[in-house]
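A short write-up of the structure that comes next.
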Amino acid sequence: MTRSIHRAQPADAEALAHVQAASWRAAFDGLLSAEYLADLDIAALRTTWSGLLSDARWPRAGTLVLREGEDEGRLVGYARFYPSEDADLDPAQVGEIGSMYTVPAVWRTGAGSLLMAAVLDALAGAGYATASLWVLEGNTSAQAFYRAQGWEPDGARHVDRGSPAEVVKLRYRRAVT
């Protein structure tokens, strides 16, 4: 299967919305309410993605998309990055992976590792020395994936009260180069 990674374009907003909904429904099953996951609104997600894809801070911020199949194939994953927004980290030196998801059909096929390598290359190319990301405390599958990719928890915890339920997030970090 042919896979390629490119910088996301505004025309990708619809596909990104579908990938986000499918991946969230699978990845957060049992971690977020079934009602919240079932109610994910593709139109609202598409609108959000349209706004995010207009971010003019490239190469310091952006979204990479993973496509699978011939002739650019279908969009099966994405990774969004930007300068860290954490008060205790230097945004000039630390890039944050704000989201990284693939559709469940490509889990455990190397797609996530390929996408991770590409986003780390993008962060290095943008001049970041280290990277951070946040993962739900109960998402042991994602935590295992990140550890296998060289990430380690740095001890920071955040209680997110803005989601459908209060969730605890753990921060992971690693060197970019």
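Tabulated results
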| item | result |
| --- | --- |
| Only listed residue being part of a helix (DSSP H, G or I), in contact with a strand residue (DSSP E or B) (Cβ under 9 Å, 6 or more places away or on another chain) and of a type in the set (Val, Ile, Thr), chosen from Val159, Val168, Val135, Val119 | Val119 |
| Qualifying positions in the range 81-100 - exposed (fewer than 13 other Cβ atoms within 10 Å of the Cβ) and touching a Pro at 6+ places or on another chain (Cβ under 8 Å) | Glu85, Ala92 |
| Filter result (modelled with pLDDT of 95 or more and farther than 27 Å from Arg60 by Cβ) within the range 149-167 | none |
| Qualifying residue in the range 101-118 (condition: in contact with a Pro (Cβ under 8 Å, 6 or more places away or on another chain), exposed (fewer than 12 other Cβ atoms within 10 Å of the Cβ) and either of a type outside the set (Phe, Trp, Tyr) or within 21 Å of Leu32 (Cβ to Cβ) (or both)) | no |
| Single unsatisfied condition, Tyr78 versus (1) more than 21 Å from Ala122 (Cβ to Cβ); (2) buried (at least 19 other Cβ atoms within 10 Å of the Cβ) | (1) |
| Qualifying positions in the range 144-160 - loosely packed, with under 14 Cβ neighbours inside 10 Å and under 19 Å from Ser84 (Cα atoms) | Gly150, Glu152, Gly155, Arg157, His158, Val159, Asp160 |
| Residues of the range 45-92 satisfying the condition of being out of contact with any strand residue (DSSP E or B) (no Cβ under 9 Å at 6 or more places or on another chain) and within 20 Å of Thr2 (Cα to Cα) | Glu70, Asp71 |
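The values are calculated or read from the model by the stated rules, or taken from the named source; none is laboratory data. Because the structure is predicted, anything quoted here is derived from the model rather than measured. Neighbour counts run over all protein chains shown; Cβ positions are idealised from the backbone, glycine included.
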